[in-house]
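Let me begin by presenting the structure, written as structure tokens, before commenting on it.
The values are calculated or read from the model by the stated rules, or taken from the named source; none is laboratory data. Since we're looking at a predicted model, the values are computed, not measured. Cβ: placed from backbone, ideal geometry, glycine included. Neighbour counts: every protein chain shown. To get the accessible areas, we keep the full protein, side chains included, count just its heavy atoms, and leave off ligands, DNA and RNA. Shrake-Rupley method; radii C 1.70, N 1.55, O 1.52, S 1.80 Å.
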Amino acid sequence: MKKTFIKSAAIALALSAFSLTHAQAEHFHLIKKGDTLWSLSQKYGMTVKQLRESNDLTSNIIYAGEQLQIQKIIKVKKGDTLWSIAKKHGTTVHQLKYVNGLKSDTIFSGQKLKIPNFVIIRSGDTLWSISQEYGISIDELKRNNGLKNNLIFAGQVLKVSQMHTMPAGYDAEKIRLHVPLNSGYTFTSEEPRTYILQSKTKENYFARVEVLDSQTDIKNVRMNAGEQLAALGSVTELRTQNPLPFYEKAHFFLSAQNTKVQTAIGVKSVDGKILKFTIHYPNEEESEAVYPAMLKILQEITIN
């Protein structure tokens, strides 16, 4: 019985070792004779500096038989945005958020982000599994890699970044919002491309307005809004065909409440720019007058 246990443990250990190697294969290149950091940087869409930093190399010397990490990881610098990073690295904001598990567009200096670039196909991989892992459609995978059908094979290198051309539309960082205010409210810039409308006398009445990127996936924003509101209470959809003009032609508006507060989150286009509105107010009788007053102000937003 003891020998059987030892044998089983050895088999389990071997299987674990195989699984680990198998799982790592997609982001590691086995260095072959003749490989150089320059040739591999061209193959995997990275710079020599990035390859050195990812592998803690102090020189450009590499040796056949060793493994090289090819996952592109960058460190966010002050002033970086998801839009600027996506533009620089040939991907999209949607895909950056997808592969890094980000729930919003907020990033901070020093944060590390995975950049989807190339992967090495493992045994058992399919275009479907790759598409699900990297948030890219099968059609786009085929188009970006010149594939005529869905057949792929172990060891093949695939480009997995979304190669949508960045729309010429606008740079969200440069958009400035303005509203005509009465004496009861303030409208201030909270941070680049984000503004707060707030009652001067009742701070718990406020609306946050965010300028979204021109290539924003509105379906993804809607999904995240629903998840955020679900923590507050049951989520309902507000009809965009509404007596209040603010809701007209909105992409969507969702709402939720508990016994104390109500929050509505929606997206609508203003002068060709995509704006996200998060409107917060207390669950009390006077909200029936204050809330429409806030919407009337937001309805008058102008952009330059």
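Outside the structural domain of residue 298 (by the TED database) and part of a strand (DSSP E or B): which single residue out of 158, 151 fits that description?
Of the residues listed, the single one that is outside the structural domain of residue 298 (by the TED database) and part of a strand (DSSP E or B) is 158.
From (1) open to solvent by 20 Å² or more (accessible area, probe 1.4 Å); (2) outside any helix (DSSP H, G or I), pick out the condition that doesn't hold for residue 46. With (1) open to solvent by 20 Å² or more (accessible area, probe 1.4 Å); (2) outside any helix (DSSP H, G or I) applied to residue 46, the lone miss is (1). Looking at the stretch 154-164, can you tell me whether even one residue there is open to solvent by less than 40 Å² (accessible area, probe 1.4 Å), under 28 Å from residue 99 (Cα atoms), modelled with pLDDT under 85 and touching a helix residue (DSSP H, G or I) at 6+ places or on another chain (Cβ under 6 Å)? The answer is yes, given that some residue of the stretch 154-164 is open to solvent by less than 40 Å² (accessible area, probe 1.4 Å), under 28 Å from residue 99 (Cα atoms), modelled with pLDDT under 85 and touching a helix residue (DSSP H, G or I) at 6+ places or on another chain (Cβ under 6 Å). Residues in the stretch 56-72 that are modelled with pLDDT of 85 or more and either open to solvent by 60 Å² or more (accessible area, probe 1.4 Å) or in a loop (DSSP other than H, G, I, E, B) (or both): 56, 57, 58, 59, 60, 61, 62, 63, 64, 65, 66, 67.
For residue 300, the conditions (1) closer than 28 Å to residue 201 by Cα; (2) crowded, with 16+ Cβ neighbours inside 10 Å; (3) not small (Gly, Ala, Ser) all hold with the exception of (2).
Residues that are open to solvent by 60 Å² or more (accessible area, probe 1.4 Å): list the strands (runs of 3 or more DSSP E) wholly contained in the stretch 165-283 that include at least 3 such residues.
Working: elements: 185-191, 194-199, 206-211, 252-257, 261-270, 273-282.
Correct list: 185-191.
When the criteria are applied in full, residue 103 meets the requirement of being at pLDDT below 90, open to solvent by 10 Å² or more (accessible area, probe 1.4 Å) and more than 30 Å from residue 153 (Cβ to Cβ).
Residue by residue, here is whether (1) assigned to a strand (DSSP E or B); (2) closer than 24 Å to residue 223 by Cβ; (3) open to solvent by less than 40 Å² (accessible area, probe 1.4 Å) holds:
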residue	(1), (2), (3)
74	yes, no, yes
80	no, no, no
94	no, yes, no
108	no, yes, no
122	no, no, no
140	no, yes, yes
143	no, no, no
